[in-house]
Amino acid sequence: MSTSRTRRAVTAVLAAAACMALAVTAFASDGEAPVSGMYATFWALVPPIVAIALALITKEAYSSLFVGILVGALFQCNFAPVATLDTIVSDGLVSAIEGNAGIFLFLVLLGIIVALVNASGGSAAFGRWAEKNIRTRVGAMLATFVLGVLIFIDDYFNCLTVGSVMRPVTDGHKISRQKLAYLIDATAAPVCMIAPVSSWAAAVSGVAADLDTGVSGIELFIQAIPYNFYSLLTFVFIIGLAVMKFDYGPMQLHEMNARMKGQLGALEDSKTEEGSAKGKVMDLIIPVIILFVLCTVGMLYVGGFFGVDAWGGTECAGDFIAAFGNTDAFIGLPWGGLLSLILIVIYLVARRVLSFREAMACVPKGFIAMVPPITILTLAVSLKSMTSALGADVFVRDVMYGASGFLYALLPAVIFIVACLLAFASGTSWGTFGILIPIVTAVFEPGSALLTVGISACLAGAVCGDHCSPISDTTIMASAGAQCDHVTHVSTQLPYAITVAAVSFVCFIIAGFVQNAVICLALGAVLTVGVLLVLRSMSGRETSR
């Protein structure tokens with residue numbers, strides 16, 4: 001079926017569904033909203049499934065996400081039209097904007113900083129330096145990977161910083177923006193999930209803090225790191241894929257177009273500017289260092305590291321890990337971003353690579369550049385709200401408890417799959433492990449090795465599903481960082497993520513019987529390399545040099 005016929009078919013299905021919805025709403029009450037008859041059933045997962053399927057079919061994110069929100073609101077309100085509209089606006093869009101105002105502000109600030117660095121000529125200078133010192137495509141990909149691993153504090157910060165720094169490098173070596181987006185996405189969440197000092201470690205520790213696990217929340221997180229097969233094997237996969245110089249699936253075509261035709265797959269308005277002729281490499285490096293240091297300080301300050309607990313909770317003065325456990329990235333990142341912007345403007349104006357007027361002209365440019373990811377993020381968070389209101393967490397919890405009785409040794413593998421599916425459908429890894437960690441700790445004995453494996457499976461599955469999901473905020477940030485089409489990024493990275501997920505699933509089956517992280521991880525690494533060798537022989541050609 002041709003693309004046009006496929007889209008016409010999808011439109012017809014949506015029109016029919018809308019007619020059915022209107023027919024049902026004629027008999028629905030517009031008074032007090034009753035409890036949805038679809039609460040805590042499989043239907044709670046249908047809205048995100050609809051949104052994801054439409055996005056992959058139509059290659060268009062905005063309408064697909066909105067249709068998913070509409071379906072979720074109709075289900076939640078038992079198809080009552082007025083209540084549905086109110087739910088979409090109040091509980092969906094408005095709540096999404098209010099709840100994520102901090103990260104929206106950080107995105108705008110970061111967009112302005114990127115515009116400043118481009119206008120100063122810093123990005124172009126770094127690109128020229130990289131052409132001389134990073135001489136191969138393999139080197140450019142590995143450099144992107146290493147930078148992604150080094151920025152482990154927060155996934156949002158990782159995605160946008162790595163993207164802005166490495167775009168000139170990968171563009172110069174004719175690496176597609178889709179490949180860059182994959183490299184960003186495949187390091188952002190995975191490295192945060194295995195770094196004891198990160199916003200993700202803080203979130204996991206907070207969820208596990210009051211549970212009967214036999215250890216503290218941060219200790220449980222650290223014990224789970226060696227069994228987090230998806231995160232660790234993703235790194236093996238990236239290195240192997242770069243060194244073996246091949247691609248497969250939809251990514252192969254994009255890489256061939258980039259290498260042979262110079263078609264990088266960038267958004268029309270995302271080409272790197274040459275900027276000021278006075279720009280030097282330090283005009284990129286110094287702003288990045290300022291941003292990294294002040295964002296870290298901002299998160300520590302909000303967490304109470306300096307003796308001022310912003311949230312009135314536990315005193316964390318001088319305790320680095322506790323401060324991260326007590327922080328709020330939605331406040332700490334804008335805090336650091338605003339100070340960074342002020343200092344970067346002062347630095348660039350003092351260096352005379354930009355005038356003050358030219359610096360201020362970057363403010364609307366940065367804001368405009370971040371409108372697409374902000375819009376997608378707003379719609380994605382609204383869809384998550386619909387899924388949560390329909391009781392998707394209750395449905396998954398019941399399924400997990402039902403499976404625990406007769407699949408005990410295989411339960412880590414089952415937990416991994418359930419976490420993958422839940423994170424994929426909901427678009428949130430934090431929400432996924434927030435739901436599943438209390439269930440896992442209730443199923444396994446406190447302090448047992450199998451509890452550690454089960455927690456690792458939960459965290460690994462959450463990262464995997466988050467990595468695959470079109471409505472994941474980290475995936476959206478990776479698209480924004482690489483400045484490429486979001487749906488294309490998702491479709492090109494799915495085969496890669498699924499490959500690592502399949503190997504990880506096998507490792508969790510083995511780990512259920514052999515609770516030895518070294519043995520399981522070694523087998524996983526061998527399996528990953530073996531799978532890559534098989535895929536390379538099947539691909540029949542190299543797409544990288």
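The values are calculated or read from the model by the stated rules, or taken from the named source; none is laboratory data. What you are looking at is a predicted structure, and each value in this text was computed from that prediction instead of being measured. All Cβ positions, glycine included, derive from the backbone under ideal geometry; neighbour counts span all protein chains shown. Accessible surface areas use protein heavy atoms only, side chains included; no ligands, DNA or RNA. Shrake-Rupley method; radii C 1.70, N 1.55, O 1.52, S 1.80 Å.
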### Residue-level accessible surface for L343, protein heavy atoms, 1.4 Å, Å²
80
#### Entry: D398 accessible area, 1.4 Å probe, all protein chains in place, Å² to nearest 10
80
### Message
Probe radius 1.4 Å, ligands and nucleic acids left out: which of I286, I103, I134 has the largest accessible area, and how do the rest follow?
### Response
I286, I134, I103
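On a 1.4 Å probe surface of the protein chains, which of H254, H489, H173 comes out largest in accessible area, and what is the full order? Could you put the intermediate results ahead of the total?
Working: H254 55, H489 0, H173 25 Å².
Largest accessible area first, the residues go H254, H173, H489.
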#### Entry: Förster radius 35 Å - calculated FRET efficiency between A449 and K245, Cβ distance, rounded to 0.05
0.35
#### Entry: Pairs beyond 22 Å (Cα-Cα), from K132/K280; K179/K384; K179/K261; K179/K280
K179/K384; K179/K280
### Residues of the stretch 447-467 with amide N under 20 Å of the 7 Å Cα→Cβ point at V514
449-457
### Message
Whole angstrom only: what separates the Cα centroid of the stretch 486-511 from the Cα centroid of the stretch 101-134?
### Response
30
### Query
If Lys and Arg each add +1 and Asp and Glu each add -1, what is the summed charge of the other residues whose beta carbon sits under 13 Å from the beta carbon of A350?
+2
#### Entry: Separation in nanometres of the label points that stand 7 Å from Cα toward Cβ, at V531 and Y62
3.6
### Query
What number comes out for the charge environment of A101, summing +1 per Lys or Arg and -1 per Asp or Glu over other residues with Cβ under 15 Å away?
-3
### Task
Would you calculate the separation in nanometres between label points at Q263 and I49, each defined as 7 Å from the Cα along the Cα-to-beta-carbon direction?
3.5
#### Entry: Approximate spin-label separation A101-E131, in nm, with each point projected 7 Å along Cα-to-Cβ
4.6
### Task
Please work out how much accessible surface C77 shows to a 1.4 Å probe, ignoring ligands, DNA and RNA, in Å² rounded to 10.
10
### Summary
Taking the stretch 449-545, the whole-percent share of alpha-carbon pairs separated by over 17 angstrom is 61
